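As structure tokens, the structure follows; a few thoughts come after it.
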């Protein structure tokens, strides 16, 4: 465990020693701020419109739901945001170690390949956690001025955290395949977009027997239920399997370096 | 300390190392000589556990590399041909990180890091960022990470490459001290012949993936200067 933490700690410190971390965080916060204030403004305008019509008064409480009309749509936008941002966090994970030759240090240390993979992954996961916490700060402000449901809000954030965790595992694996961080980043981005677009593909397929499994694989189909406040076992399993699968593949890819 | 038995390594159809066997005793400094592409780096990578051999066994400090890989790797300090450095890290942070990887207990870490930095004459640049250091300094940082956990065995792949004569002298003195005063076993590769004559008591000459000569420096040199021996044997492979 101490090896995992040592590797993770080095990774985090190195990211903060370069401008990457700050640029990424600034970009993310600006974008998240736009998304949240944007959804909030639309929400307020619509509530005002409904309030102006006396016969709709009975529906107002139903309509003015912060979870449904602000937090869920804002977090929904984060799916695409994560697909773009997380490759920047994962692209260097292993490719840079290979390019620097530092992978030789790791592989000749009394550290198992699993510990290396987990240390790297944990560092990226910390980042995903920071991102989700930043989003939670925006949602948290709504609790000051309104009364969203806590459970629903937490479920939504858990959903995007799991999504981020799965994308991070995929990015780490892709990074283990090449010596070039740029290539690792671009491929991770494309892979994320493909997983995202599977829904459109499924929509274009008429045969339901073929469309269903493709729909199951699509990322956002496993986030949207948690955005509506429902944590399903099948979604947890989906993300769990993706994470374990990609980390195992990353480990295998590192092991295979020894055989070249 | 180092037992190598029938070691072979193939990359696809290319045989890089073929049936190499030798033993190194505690406190010995062995010079691993050979032309480029002779199999020096491949052999060293197998001793350090980076590459698994296609055939044969390696044991370091009594630990078989296949049966007890973590114990074996813990007993080795390794300076690869390119020092494995993180350019964005500070020197002392980096050496400390390696100490953690090599299982130096937390309570001893600061002391051992300081000792390694001192030994490699790095104390005055310990807060500098590695990427801004000159090549000679970087090579010494690489050496510091190899010795920080006080390993019984040191495997140094061209430790003096890129250093100026003054620095080469310092590194040589350091290696000699490590072997003579602390009883560490050193195997170092080089194609600079005077280096072998200065610090190694024993020479292993490898060419074409095979050991051509193995013996005390004086004995090997008996048939002429080391250079003559080198050129003669190297051309065989």
Output for Cβ contacts, cut-off 6 Å, separation at least six or different chains, first residue surrounded by 15 or more Cβ atoms within 10 Å (Cβ to Cβ) in the stretch A:204-229, second not in a helix (DSSP H, G or I), reads A:211/A:205; A:225/A:232
Tell me, please, whether a residue that is in a helix (DSSP H, G or I), at pLDDT 85 or above and either within 30 Å of residue B:89 (Cα to Cα) or out of contact with any strand residue (DSSP E or B) (no Cβ under 9 Å at 6 or more places or on another chain) (or both) can be found in the stretch A:52-63.
-> yes
Answer yes or no as to whether residue A:101 is at pLDDT 90 or above and surrounded by fewer than 16 Cβ atoms within 10 Å (Cβ to Cβ).
-> yes
Restricting attention to the stretch B:205-222, does a residue exist that is at pLDDT below 85, under 22 Å from residue B:115 (Cα atoms) and not in a strand (DSSP E or B)?
-> no
Among the residues of the stretch B:180-203, is there at least one that is crowded, with 20+ Cβ neighbours inside 10 Å, without any contact (Cβ under 8 Å) to a residue 60 or more places away in the chain, touching a helix residue (DSSP H, G or I) at 6+ places or on another chain (Cβ under 9 Å) and assigned to a helix (DSSP H, G or I)?
-> no
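Answer with yes or no whether residue A:153 is touching a residue at least 60 places away in the same chain (Cβ under 8 Å) and within 14 Å of chain B (Cβ to nearest Cβ).
no
Would you mention how many residues in the stretch B:1-19 are surrounded by 20 or more Cβ atoms within 10 Å (Cβ to Cβ) and either within 17 Å of the chain's Cα centre (by Cα) or farther than 15 Å from residue B:52 by Cα (or both)? Before the answer, list the steps.
Keep residues of the stretch B:1-19 that are surrounded by 20 or more Cβ atoms within 10 Å (Cβ to Cβ), which gives B:1-2, B:4, B:7, B:9, B:16-17.
Narrowing the set further to residues that are either within 17 Å of the chain's Cα centre (by Cα) or farther than 15 Å from residue B:52 by Cα (or both) leaves B:1-2, B:4.
Result for the stretch B:1-19: 3.
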If a residue has to be touching a strand residue (DSSP E or B) at 6+ places or on another chain (Cβ under 6 Å), without any contact (Cβ under 8 Å) to a residue 60 or more places away in the chain and at positive phi to count, how many in the stretch B:1-37 make the cut?
-> 1
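Residue-wise test of (1) in contact with a helix residue (DSSP H, G or I) (Cβ under 8 Å, 6 or more places away or on another chain); (2) more than 8 Å from every other protein chain (Cβ to nearest Cβ); (3) at pLDDT 95 or above.
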{"position": "B:70", "(1), (2), (3)": "no, no, no"}
{"position": "B:91", "(1), (2), (3)": "yes, yes, yes"}
{"position": "B:97", "(1), (2), (3)": "yes, no, yes"}
{"position": "B:118", "(1), (2), (3)": "no, yes, no"}
{"position": "B:124", "(1), (2), (3)": "no, yes, no"}
{"position": "B:145", "(1), (2), (3)": "yes, no, yes"}
Tell me, please, whether a residue that is away from every other protein chain (no Cβ under 14 Å), surrounded by fewer than 20 Cβ atoms within 10 Å (Cβ to Cβ), farther than 20 Å from residue A:159 by Cβ and touching a helix residue (DSSP H, G or I) at 6+ places or on another chain (Cβ under 9 Å) can be found in the stretch A:116-124.
-> yes
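Rundown of residues vs (1) at pLDDT 95 or above; (2) within 9 Å of another protein chain (Cβ to nearest Cβ); (3) assigned to a loop (DSSP other than H, G, I, E, B), yes/no style:
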position: B:20; (1), (2), (3): no, no, no
position: B:27; (1), (2), (3): no, no, yes
position: B:30; (1), (2), (3): no, no, no
position: B:52; (1), (2), (3): no, yes, yes
position: B:57; (1), (2), (3): no, no, no
position: B:82; (1), (2), (3): no, yes, yes
position: B:121; (1), (2), (3): no, no, yes
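What do you reckon, is residue A:32 within 14 Å of chain B (Cβ to nearest Cβ) and within 23 Å of residue A:192 (Cα to Cα)? Talk me through it step by step, then tell me what you get.
Values: within 14 Å of chain B (Cβ to nearest Cβ): no; within 23 Å of residue A:192 (Cα to Cα): yes.
Spelling it out, it is not the case that residue A:32 is within 14 Å of chain B (Cβ to nearest Cβ) and within 23 Å of residue A:192 (Cα to Cα).
The values are calculated or read from the model by the stated rules, or taken from the named source; none is laboratory data. Predicted model, so just to flag it, every value in this text is computed and none were measured. Every residue, glycine among them, receives a Cβ derived from its backbone with ideal geometry; neighbour counts consider all protein chains shown.
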